[in-house]
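Just below is one structure, and these are the notes that go with it.
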Amino acid sequence: MAKLNHIGIAIQDLPRMKELFQLLGSDISHSETVPHQGVIAHFVPLQSANSNIEFLEPLQDSSGAVARFLKQKGPGIHHLSFETEKGELDSLCDRLRKNGFRVLYDQSDRGANGMRINFIHPASCGGILIELMEPV
Ligand code: CMX
């Protein structure tokens with residue numbers, strides 16, 4: 001079973017979200033600009049769940065997926081991200097395509113933490129955007 005690596009949340013007010021998670025007992029461990037995806041990703045480890053929250057802040061003047069999401073829906077849960085074992089991403093995407101799921105990229109992209117990433121479109125996933133990733 002792929003591991004839940006993180007829950008991505010599109011945010012508008014980083015200091016307030018940081019304050020909230022500090023009160024809950026966690027904090028941002030690192031932040032990374034991912035130009036391809038038009039975001040700054042801020043990771044908050046959830047040690048008890050062996051997973052993470054990813055705050056997604058759109059890059060200034062970005063017209064990327066997160067900027068569009070914020071414009072259409074406002075802040076909130078943006079995607080779930082599942083991590084496969086190394087070398088399994090492409091075969092998983094092939095199996096998903098064969099089973100009628102709409103995988104976004106023909107070739108995987110490069111995401112935060114150097115991961116290879118791809119996505120399943122929310123229209124074929126019960127309204128949830130799913131990211132799939134594997135370590136390089
Ligand atoms: N979750 C659920 N539904 C979503 C969604 C999301 N995150 N983003 C868009 N949608 C819905 C829209 O509300 C719309 O629904 P309706 O048709 O019911 O109105 C529909 O999807 C629109 O889809 P679209 O016309 O194909 O185009 P969008 O411009 O809205 O883009 C998508 C949707 C999935 C193609 C785009 O978000 C995308 O390319 N995502 C992958 C990349 C990404 O999300 N990167 C950011 C995170 C990167 C990281 O973690 O580093």
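The values are calculated or read from the model by the stated rules, or taken from the named source; none is laboratory data. Fair warning: this is a prediction, and the values are worked out from it, not measured in the lab. Here the Cβ positions follow ideal geometry from the backbone for every residue, glycine too, while neighbour counts run over all protein chains shown. Just the protein is used for accessible areas: all its heavy atoms, side chains included, with ligands, DNA and RNA removed. Shrake-Rupley method; radii C 1.70, N 1.55, O 1.52, S 1.80 Å.
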Identify, please: which residue in region 28-42 is of a type in the set (A, V, I, L, M, F, W, C) and either free of Cβ contacts under 8 Å to residues at least 12 places away in the same chain or near the ligand (Cβ under 10 Å from one of its atoms) (or both) and is, among those, nearest to F55 (Cα to Cα)? A41
If you go through region 8-17, how many residues are in contact with a strand residue (DSSP E or B) (Cβ under 9 Å, 6 or more places away or on another chain) and either open to solvent by 70 Å² or more (accessible area, probe 1.4 Å) or under 13 Å from P58 (Cβ atoms) (or both)? 6
For the list (1) more than 15 Å from the chain's Cα centre (by Cα); (2) open to solvent by less than 60 Å² (accessible area, probe 1.4 Å); (3) of a type outside the set (V, I, T); (4) within 22 Å of I11 (Cα to Cα), I need the number of the one condition that D61 fails. (2)
Across region 100-119, the tally of residues that are within 9 Å of the ligand (Cβ to nearest atom) and β-branched (V, I, T) stands at 1
Number of the condition not met by R95 [criteria: (1) at pLDDT below 95; (2) open to solvent by 90 Å² or more (accessible area, probe 1.4 Å)]: (1)
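Where residues in region 64-83 are under 12 Å from the mean Cα position of the chain (by Cα) and aliphatic (A, V, I, L, M), which of them is farthest from L24 (Cα to Cα)?
Checking each candidate, the answer is A65.
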Anything in region 120-130 that is near the ligand (Cβ under 8 Å from one of its atoms), touching a Leu at 6+ places or on another chain (Cβ under 7 Å) and either in contact (Cβ under 8 Å) with a residue 24 or more places away in the chain or part of a loop (DSSP other than H, G, I, E, B) (or both)? List them, or say none. H121, I128
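The rows are residues; the columns are (1) within 28 Å of M17 (Cα to Cα); (2) open to solvent by less than 30 Å² (accessible area, probe 1.4 Å); (3) of a type in the set (G, A, S).
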| residue | (1), (2), (3) |
| --- | --- |
| P75 | yes, no, no |
| S81 | yes, yes, yes |
| D90 | no, no, no |
| G126 | yes, no, yes |
Residues of region 85-119 being part of a helix (DSSP H, G or I) and not aliphatic (A, V, I, L, M), in sequence order, are D90, S91, C93, D94, R95, R97, K98, N113, G114
Selection over region 66-80 where residues are in contact (Cβ under 8 Å) with a residue 60 or more places away in the chain and either in contact with a Phe, Trp or Tyr (Cβ under 9 Å, 6 or more places away or on another chain) or more than 9 Å from the ligand (Cβ to nearest atom) (or both) yields a count of 7
